[in-house]
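What follows is calculated from the coordinates using simple rules that are stated; it is not laboratory data. Computed from a predicted structure; not experimentally measured. Every residue, glycine as well, gets a Cβ built from its backbone with ideal geometry; the counts of neighbours run over all protein chains shown.
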Ligand code: HEC
């Protein structure tokens, strides 16, 4: 192969690679972030630590008689498509996925003072809004739990949880459309404000 042929082969390969990557992300974006198996169970979302972080409530065991329902820190993320929609409209679009990743308290003191400091990942819960799959009684949200009893591994799929286990408490107490907006400063600051609400502006 002479130099010119080598160069054109390289350029061609690069262009094909780029085309494939773009196509994949377009397909992904169209479908949204919720995937189900053949039995209608939600497949555990992946990659969510690169979604939009919206807040970190903390319900430590030692402030809840040693037994918090969702122990320790909750790192909460919304998928990027639904974040875009939220910024524009201040509403959760059909297809919204919000995950809550549980993190243990590793230590209660550091050089900055006494407090709660994050340890390891110990669980994952998710909510998905889908007007076709989930009933109006839960405002079209499905609730899912991937956390295992030993908090060491995660389930790969979850069936939708019963209304009384999850949705009832959200329905009674959450600020907007079953979601605890009151605990998510990132969402509150951006609600319908577009780029004005993304920080530092
Ligand atoms: C007793 C009330 C209560 C019950 C029952 C409950 N939750 Fe929540 N949930 C909350 C509160 C309060 C928050 C926000 C603050 C926090 O995380 O502590 C929350 C937040 C969440 C979030 C983050 C998005 C949001 O809506 O704010 C997810 C996901 C979630 N819960 C899933 C579940 C699942 C799955 C179940 C059932 C297994 C469940 N919850 C049961 C009170 C509840």
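Ordered by packing density, taken as the mean number of other Cβ atoms within 10 Å over each peptide's residues, highest first, how do 42-50, 92-100 rank?
Packing proxy ranking, top to bottom: 92-100, 42-50.
Between region 117-143 and region 147-201, how many Å separate their Cα centres?
7
Quick one: grab Rg to one decimal and Dmax as a whole number for region 85-147, Cα atoms only, in Å.
Rg, Dmax (Cα atoms, Å): 17.0, 51.
So, how do all the Cα-to-Cα distances of region 42-165 break down into 10 Å bins, in percent, from 0 on up?
With 10 Å bins starting at 0, P(r) equals 13, 38, 33, 14, 2, 0.
Given the peptides 136-147, 173-184, arrange them by the average over their residues of other C-beta atoms within 10 Å, most packed first.
136-147, 173-184
How large is the Rg to Rh ratio of region 124-181 when both quantities use alpha carbon positions and Rh follows Kirkwood?
Result: Rg/Rh = 1.00.
Relative contact order, percent, of region 33-197 when contacts are C-alpha pairs under 8 Å separated by at least 6 residues?
21
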